[in-house]
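Everything on this sheet refers to the single structure shown next.
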């Protein structure tokens, strides 16, 4: 195993252990901590947590990473998105697995663009 992989594995374990210790912490704080740590571990500039409804047709945004909030210039950020109209960022639900996209500017067949004021990466 490479040293970099070992370091990442150790960092992931530390985050999981910290989450396990957060038994008396409000859910919002747990989610914010997890989001920031995951964003950092994946070396992403933008992260978010969305909840999906029971029939998996609608995503409701729950939290955005601090970096996403700092860079997004959309005045009235919508929080409800029909899954069928989401672009690349909805793939985690559609594919039923984690999806990391650290080069959003690169061409990709699943992208559907983004609204004016959205973070450009």
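Numbers below:
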item: Count of residues meeting criterion [free of Cβ contacts under 8 Å to residues at least 12 places away in the same chain and either surrounded by 14 or more Cβ atoms within 10 Å (Cβ to Cβ) or not assigned by TED's automatic domain parsing to the domain that holds residue 86 (or both)] in the stretch 39-66; result: 1
item: Residue satisfying all of: in the stretch 84-100; within 10 Å of the chain's Cα centre (by Cα) and in contact (Cβ under 8 Å) with a residue 40 or more places away in the chain; farthest from residue 61 (Cα to Cα) among these; result: 100
item: Residue that is in the same structural domain as residue 5 (by TED's automatic domain parsing), surrounded by 15 or more Cβ atoms within 10 Å (Cβ to Cβ), within 26 Å of residue 5 (Cβ to Cβ) and at pLDDT 85 or above, where the choices are 19, 35; result: 35
item: Scan of the stretch 38-70 for residues that are assigned to a strand (DSSP E or B) and at pLDDT 80 or above, ordered by number; result: 48, 49, 50, 51, 52, 58, 59, 60, 61, 62, 63
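The values are calculated or read from the model by the stated rules, or taken from the named source; none is laboratory data. Remember, predicted model here, so these are calculated numbers, not experimental data. Note that we place each Cβ from the backbone using ideal geometry, even for glycine, and neighbour counts take in every protein chain shown.
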